[in-house]
Amino acid sequence: MDYSEYASELELLLKQRDATKWQLGDLFLVGDGLGFEASQALPASESVVHMLRIYAECSSLWGLEERNYDVGWDMHYCLRTHPERADWLLFCAEKGLQCNRVLKDLLTT
């Protein structure tokens with residue numbers, strides 16, 4: 001494996017990780033709508049169920065048509081309550097920015 005293959009594999013796995021977060025959040029919302037409890041459906045710890053709730057919160061705030069898959073799930077989460085979140089998401093996509101502490105601090109202060 002050369003560096004290019006290594007970098008490509010990392011990027012692919014990160015995109016799959018983000019897609020999984022969206023899918024888990026969407027499925028959690030479907031389960032809620034049907035009256036299902038994730039904690040009963042899964043032999044999962046409280047921390048896992050808590051993360052599922054976070055994924056679901058983000059999914060509920062970003063409809064399918066609003067999500068920008070060129071920007072990671074973490075950026076969507078950072079921007080979830082910002083009044084100009086759609087504009088910021090486009091800006092971050094154009095600039096190739098990802099969620100980091102500095103951006104999060106700027107947007108939440």
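Read-outs: derived from the displayed coordinates by stated rules, not from any lab. This one's a predicted model, so the numbers in the text were calculated from it and none came from an experiment. Every residue, glycine as well, gets a Cβ built from its backbone with ideal geometry; the counts of neighbours run over all protein chains shown.
By how many nm would the segment from ALA86 to LEU10 grow when fully extended, if each residue of separation counts as 0.36 nm and the alpha-carbon distance is taken off?
This chain segment gains 24.7 nm when fully extended.
What angle do you read, to the nearest 10 degrees and between 0 and 90, between the alpha-carbon axis of helix 46-61 and the longest principal axis of the chain?
70 degrees
Ignoring everything except DSSP H segments at least 4 long, calculate the 222 nm mean residue ellipticity for the chain; use -39,500 (n - 2.57) per segment, divide by total residues, nearest 500.
-22500 deg cm²/dmol
With everything on Cα atoms, drop me the angle between helix 3-34 and the longest principal axis of the chain, reported from 0 to 90° to the nearest 10.
30 degrees
How far is it, in nm, from the label point at ASN68 to the one at ALA19 when both lie 7 Å from their Cα along the line to the Cβ?
2.1 nm
If I fit a long axis through the Cα atoms of helix 85-95 and take the longest principal axis of the Cα atoms of the chain, what angle between them do I get, 0 to 90°, rounded to 10?
Between the helix axis and the principal axis of the chain, the angle is about 40 degrees.
Under a crude label model (7 Å from the Cα following the beta-carbon direction), how far is GLU94 from TYR3 in nanometres?
3.1 nm
Using the Cα centre of the chain as the reference point, and only Cβ charges (+1 on K/R, -1 on D/E), how large is the resulting charge dipole? Debye, rounded to the nearest 20.
Value, rounded to 20: 260 debye.
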